[in-house]
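Colleague: First, the structure itself, so that you have it in front of you.
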């Protein structure tokens, strides 16, 4: 039996998944979260209580504030054994490219049907390199091959500056747009310590020397362009 968690800001998606799996024994829906932060708190609680983590995470890529790409990237860095299936409404090349870049294990479009979901879950849990929704009109396998090669070349090098785990987590949470209070809770710090950590990373990354935009924007651009964090904004991946 595999346990999965749903992260999607639409309650109808949660209901449909519950209906699909309510009588199944091979896959069990363990939790439904409406935001990336709610899920991160849930994972933290599981660890504090020494309970098993889910086997599979199903994420909507286009959620407000902390989007699905940033959450998937975070989970694959710090919880690499958890499989991830990305959901999207749009059959766009950038969404598929984003799904591969954030190290997800599959890509499924809405609306979805029970047989498609079960097939995706089974293939992903059986170790398929990347599950692609068979309904896609995208130029498969060309885009998959190109994006997986790009991922291997660029995204696997997720810590090029040998930052500490605390520093890496902060940079990802900062890109997610989480408030200092929420970052403080997730990192077991005070709000003042989070502010000091921000100042520390602004100096350590060298973005304080950049004249354009603002420190916040510069730090986010630095994190994304150096593979330290991801966003569902396709243009962000092209930042050099």
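Colleague: Out of all the residues in the stretch 107-125, which are at pLDDT below 90 and buried (at least 22 other Cβ atoms within 10 Å of the Cβ)?
Modeller: 107, 108
Colleague: Which condition number in (1) surrounded by fewer than 17 Cβ atoms within 10 Å (Cβ to Cβ); (2) more than 17 Å from residue 75 (Cβ to Cβ) is the one that residue 20 fails?
Modeller: (1)
Colleague: Tell me whether the stretch 32-43 contains one or more residues that are touching a strand residue (DSSP E or B) at 6+ places or on another chain (Cβ under 7 Å), surrounded by fewer than 20 Cβ atoms within 10 Å (Cβ to Cβ) and touching a residue at least 40 places away in the same chain (Cβ under 8 Å).
Modeller: Step one: of the stretch 32-43, the residues touching a strand residue (DSSP E or B) at 6+ places or on another chain (Cβ under 7 Å) are 32-33, 36, 39, 42.
From the residues that got through so far, the ones that are surrounded by fewer than 20 Cβ atoms within 10 Å (Cβ to Cβ) too are 32, 42.
Checking which are touching a residue at least 40 places away in the same chain (Cβ under 8 Å) leaves us with none.
Within the stretch 32-43 (the criterion being touching a strand residue (DSSP E or B) at 6+ places or on another chain (Cβ under 7 Å), surrounded by fewer than 20 Cβ atoms within 10 Å (Cβ to Cβ) and touching a residue at least 40 places away in the same chain (Cβ under 8 Å)), the answer is no, since none of the residues qualifies.
Colleague: I've got another one for you. Please specify each residue of the stretch 12-23 satisfying the condition of being free of Cβ contacts under 8 Å to residues at least 60 places away in the same chain and farther than 12 Å from residue 60 by Cβ. Spell out the reasoning first.
Modeller: Initial filter on the stretch 12-23 (free of Cβ contacts under 8 Å to residues at least 60 places away in the same chain): 12, 14-15, 18-19, 21-23.
Selection gives 15, 18, 19, 21, 22, 23.
The values are calculated or read from the model by the stated rules, or taken from the named source; none is laboratory data. Here the structure is a predicted model, which is why all the values come from computation and not from measurement. Cβ atoms come from the backbone with ideal geometry, glycine included; neighbour counts cover every protein chain shown.
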